[in-house]
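These notes concern the structure reproduced below.
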Amino acid sequence: MNGMDEVEVAQAQIVEVPSTFDGSVVLLDVREDDEWQRGHAAGAQHIPMGQVPSRIGEISPDAKLFVVCQVGGRSQRVAQYLARNGYTPVNVSGGMLAWAGAGRPVVTDDGATGVI
């Protein structure tokens, strides 16, 4: 087994994930633009998975970093990538489906109610 491929990444159930975000706590949403536009967590940071390597400088290394996608697969891969690059990310188990399923608010860019 090549240690470069598999990096242990912490997993968080949705109840362990904060519901508000500021500079010290970041929810990085790595879904595609169309998914983000349909609905996302208020205050989340959006960088589609494929853009993370080129935009890694936009991600604060000092923040408590949660990574989310639709169900948790893409975010796990991004979290592993970030972990190999000096970050300490936490993958959100269940993704935005779990977020919405827990009754947490989902918004669109204009502040309207969104969908996941």
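The table below lists the values:
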{"read-out": "Karplus-derived 3J(HN,Hα), 6.51/-1.76/1.60, for each residue of region 59-64, Hz, glycine and proline x", "value": "9, 5, x, 9, 7, 6"}
{"read-out": "Solvent-accessible area of Met96 with every protein chain in place, 1.4 Å probe, in Å² to the nearest 10", "value": "0 Å²"}
{"read-out": "Per-residue SASA entry for Val9, accessible area with 1.4 Å probe, Å² rounded to 10", "value": "20 Å²"}
{"read-out": "Cα-Cα separations in the chain greater than 21 Å, expressed as whole percent", "value": "30 percent"}
{"read-out": "Other-chain or far-sequence residues with amide H under 5 Å of Val25's (modelled H)", "value": "Lys64"}
{"read-out": "Beta bridges per DSSP with both ends in the chain, % antiparallel, nearest 5", "value": "20 percent"}
{"read-out": "Whole-number accessible area per residue in Å² for region 1-60, which is evaluated in the context of all protein chains at 1.4 Å", "value": "56 Å²"}
{"read-out": "Accessible heavy-atom area order of Phe21, Phe66, highest first, probe of 1.4 Å", "value": "Phe21, Phe66"}
{"read-out": "Heavy-atom accessible surface of the chain: percent carbon and sulfur, 1.4 Å", "value": "51 percent"}
{"read-out": "Built amide H within the under 5 Å cut-off of His46, gap 5+", "value": "Asp29"}
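The values are calculated or read from the model by the stated rules, or taken from the named source; none is laboratory data. Quick caveat, the model's predicted, so the values are computed rather than measured. Surface accessibility is based on the protein's heavy atoms, side chains included, excluding ligands, DNA and RNA. Shrake-Rupley method; radii C 1.70, N 1.55, O 1.52, S 1.80 Å.
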